[in-house]
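Structure first, then comments.
The values are calculated or read from the model by the stated rules, or taken from the named source; none is laboratory data. For clarity, every value in this text was computed on a predicted model and none was experimentally measured. Don't worry about glycine lacking a Cβ; one is built from the backbone with ideal geometry, like all the others, and counts go over all protein chains shown.
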Amino acid sequence: MTQSIDETVDSLAIRWHSNRLSLLDQRALPHASDWIVYDDAASVSQAIRDMVVRGAPAIGITAAYGLALEAIKLGHSANAASLRSALDVLATSRPTAVNLFWALARMEKIIGEQQGEQLVTALTREAREIHREDRRMNEKMAAFGATLLTQNGSVYTHCNTGALATGGHGTALGIIRTAWSNGQIDGVYAGETRPWLQGARLTSWELMQDNIPVTLVVDSAAGHLMQQGKISAVIVGADRISANGDTVNKIGTYNLAVLAQHHGIPFIVAAPISTIDSTLASGGLIEIEQRNGNEISRLGSQSIAPNNVNAYNPAFDMTPAALISAIVTERGVIAEPNAVKMTAHLRA
């Protein structure tokens, strides 16, 4: 294999080195930093399912590396037919985040008529480029998004949208990082984000690493904070955005949008162009992942609810475009998004 395949690409949660993929196990954070090594598509798919890696951009990057790993494993036998099952298993990892399918479609285009070592080299190079591109896009997005924030005040964010969830810097958290660096905000309120507690475990940890003042709150405190005038803007990420600007994101996002509109607070969505699914006219067509009810009736091995209680556990919800002040991508800002504005933005 060519030397270029061995090139290292590194970010906070994803490492590619010597033709091997290592993922920071985000289930163990913030108390342990455990790295797990993967060598084929099936194990990468399981890592995505099991939330070892999460965040729409990071899932896409990881899936691309998963296909590259399968090609490396096949070596001279790598071709479109032999990689078909790997593409299929990766595509079934999680249903909602469109970045997964975008990354796999991009990798599939590379396959073409290539085979063997030539194909291995091409797929590995493309996966690395997807990883690098995401970091560059996040930095552009952050610069655009920071212009929407007024001087001073604290922002509220939900789930985790930082370097752990992306190829580096972050989407919504990237805007927050840049705004803090610019002296535009005083601090951040992070909602805990039940049931996986991404805000408590991951966002607060990331912000503390950067010495950005963060206050952790229970999800149900958001309305109270807004009522008390403590929030100047709400900034969230997205797992899929439909052609009209409707946005699917971590469960609880819709609640925040309704509260923000009631209190006259800007509600900002940050996501790369790859998160926009122009094939779906509206958010109601986006599949919402349903997860095991044990995630909300238990904390680890400890039961916190009556045995056998019915539990409804959608991982995401849909926020209508009418509740969104702006969508920020690496191309700029879509203020008060609608189908016409979204189409124009994608064509720009």
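Odds and ends about this structure:
- Test: residue in the range 144-154 that is aliphatic (A, V, I, L, M) and under 23 Å from Ser18 (Cβ atoms): no
- Of all residues in the range 243-258 being crowded, with 21+ Cβ neighbours inside 10 Å and among the hydroxyl-bearing types (Ser, Thr, Tyr), the one that is nearest to Ala221 (Cα to Cα): Thr253
- Of everything listed in (1) under 22 Å from Val52 (Cα atoms); (2) modelled with pLDDT of 95 or more, the single unmet condition for Gly168 is (2).
- Applying the condition of being among the small types (Gly, Ala, Ser) and buried (at least 23 other Cβ atoms within 10 Å of the Cβ) to the range 259-273 and asking which residue is nearest to Trp102 (Cα to Cα) yields Ala271.
- Failed item in (1) surrounded by fewer than 21 Cβ atoms within 10 Å (Cβ to Cβ); (2) at pLDDT 95 or above, with Asn307 passing the rest: (2)
Matching residues to (1) of a type in the set (S, T, N, Q); (2) closer than 20 Å to Ile268 by Cα; (3) assigned to a helix (DSSP H, G or I):
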| residue | (1), (2), (3) |
| --- | --- |
| Met107 | no, no, yes |
| Thr124 | yes, no, yes |
| Val188 | no, yes, no |
| Gly199 | no, yes, yes |
| Ala222 | no, yes, yes |
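- Unique residue being assigned to a strand (DSSP E or B) and aliphatic (A, V, I, L, M) when the list is Val37, Val52, Val89: Val37
- So His31, is it of a type outside the set (Ser, Thr, Tyr), outside the structural domain of Pro272 (by TED's automatic domain parsing) and in contact with a Gly (Cβ under 8 Å, 6 or more places away or on another chain): no
- A search for C-beta distances below 7 Å between a residue of the range 282-299 that is within 18 Å of Val248 (Cβ to Cβ) and any residue that is among the aromatic types (Phe, Trp, Tyr), counting only pairs 6+ apart in sequence or on different chains, returns Ile288/Phe316; Glu289/Phe316.
- Residue among Asn160, Asn152 that alone is farther than 14 Å from Gly60 by Cα, surrounded by fewer than 23 Cβ atoms within 10 Å (Cβ to Cβ) and not assigned by TED's automatic domain parsing to the domain that holds Arg54: Asn152
- Failed item in (1) without any contact (Cβ under 8 Å) to a residue 24 or more places away in the chain; (2) assigned to a loop (DSSP other than H, G, I, E, B); (3) among the polar types (S, T, N, Q), with Gln26 passing the rest: (1)
- Check on Ala97, at pLDDT below 95 and either in contact with a helix residue (DSSP H, G or I) (Cβ under 7 Å, 6 or more places away or on another chain) or surrounded by fewer than 24 Cβ atoms within 10 Å (Cβ to Cβ) (or both): yes
- Ala257 vs. criteria closer than 22 Å to Leu149 by Cβ, touching a Leu at 6+ places or on another chain (Cβ under 8 Å) and modelled with pLDDT of 95 or more: yes
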